[in-house]
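Worksheet: one structure, shown below.
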Amino acid sequence: FNLTNRKLNMFGFSSEKLEMLLLPMAVGGKEALGSMGNDAALAVLSEYPRQVNDYFKQLFAQVTNPPIDPIREEIVMSLVCPVGPEGNLLADPGPEHSQRLVVRHPVLTLEEMATLKNNTFKGPDGSSKFKCATIDITFPVGSGVDGMLAALERICDEAADAIQGDKFGEKGVQGVILSDKFAGPDRMALPSLMAVGAVHHHLIGTKQRP
């Protein structure tokens, strides 16, 4: 299974995306430019199965006034993002304000992801300051809508439990990794957009995320 294109197909990578978009970017560092219009039906009106992210599209001719290019407009725009619990902005600056992970690019390498999964940052007193938990976002093939809804509920509960910590006093984690690594012939991955959105709103609803 892993030696074929079936996994690419499972995650929505068509021949057009691979040959016209990803290949020029990966091999020559070129941007995918084109002048042809997109006359495909809106996802909500389409008669064919569409990916979840196809339902979220920018309207034609919308203008983004703020800078959006971190390479050509690096003086005023950056992709750097601090991850983790934020300290009290009204309090005096202290060591607790710097106990966050600084991600310099939203796309992590395999080595960077392995570092997040397998390491725990500890403070001077030996206590855990930054740790991540990994949650599987796949569900059995053939379980249908009920299986998908059950998986969403499980993922949200596991994320909340990981942040709260256990009843034996173990401190909760500061980061949650949603993984579709186990996707394959027997397990289907939830769309990452759906899984992240569900966890995000669940943690807000349970007051575990600011």
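The values are calculated or read from the model by the stated rules, or taken from the named source; none is laboratory data. Keep in mind that what you see is a predicted model, and the values were worked out from it rather than measured. Cβ sites come from the backbone with ideal geometry, for glycine too, and all protein chains shown count toward neighbours. To get the accessible areas, we keep the full protein, side chains included, count just its heavy atoms, and leave off ligands, DNA and RNA. Shrake-Rupley method; radii C 1.70, N 1.55, O 1.52, S 1.80 Å.
Some values worked out for this structure:
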{"item": "Qualifying residue in segment 82-103 (condition: touching a residue at least 24 places away in the same chain (Cβ under 8 Å), farther than 20 Å from residue 171 by Cα and open to solvent by 90 Å² or more (accessible area, probe 1.4 Å))", "result": "no"}
{"item": "Only one of 96, 111 that is acidic (Asp, Glu) and at pLDDT below 85", "result": "96"}
{"item": "Tally of residues being surrounded by 10 or more Cβ atoms within 10 Å (Cβ to Cβ) and of a type in the set (A, V, I, L, M, F, W, C) across segment 104-114", "result": "3"}
{"item": "Hits in segment 31-58 - residues which are modelled with pLDDT of 80 or more and open to solvent by 100 Å² or more (accessible area, probe 1.4 Å)", "result": "42, 44, 45, 47, 48, 49, 55, 56"}
{"item": "Subset of segment 136-193 [in a loop (DSSP other than H, G, I, E, B), of a type in the set (Val, Ile, Thr) and under 18 Å from residue 209 (Cα atoms)]", "result": "173"}
{"item": "Identity of the residue in segment 115-126, over 24 Å from residue 152 (Cβ atoms) and either open to solvent by less than 40 Å² (accessible area, probe 1.4 Å) or among the aromatic types (Phe, Trp, Tyr) (or both), that ends up modelled with the highest pLDDT", "result": "121"}
{"item": "Residue, farthest from residue 207 (Cα to Cα), within segment 67-81, restricted to residues that are open to solvent by less than 100 Å² (accessible area, probe 1.4 Å) and not aliphatic (A, V, I, L, M)", "result": "73"}
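Quick grid of which residues meet (1) open to solvent by less than 20 Å² (accessible area, probe 1.4 Å); (2) among the small types (Gly, Ala, Ser); (3) free of Cβ contacts under 8 Å to residues at least 40 places away in the same chain:
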position	(1), (2), (3)
129	no, no, no
144	no, yes, yes
153	no, no, yes
166	no, no, yes
182	no, no, no
185	no, no, no
197	no, yes, yes
201	no, no, yes
205	no, yes, yes
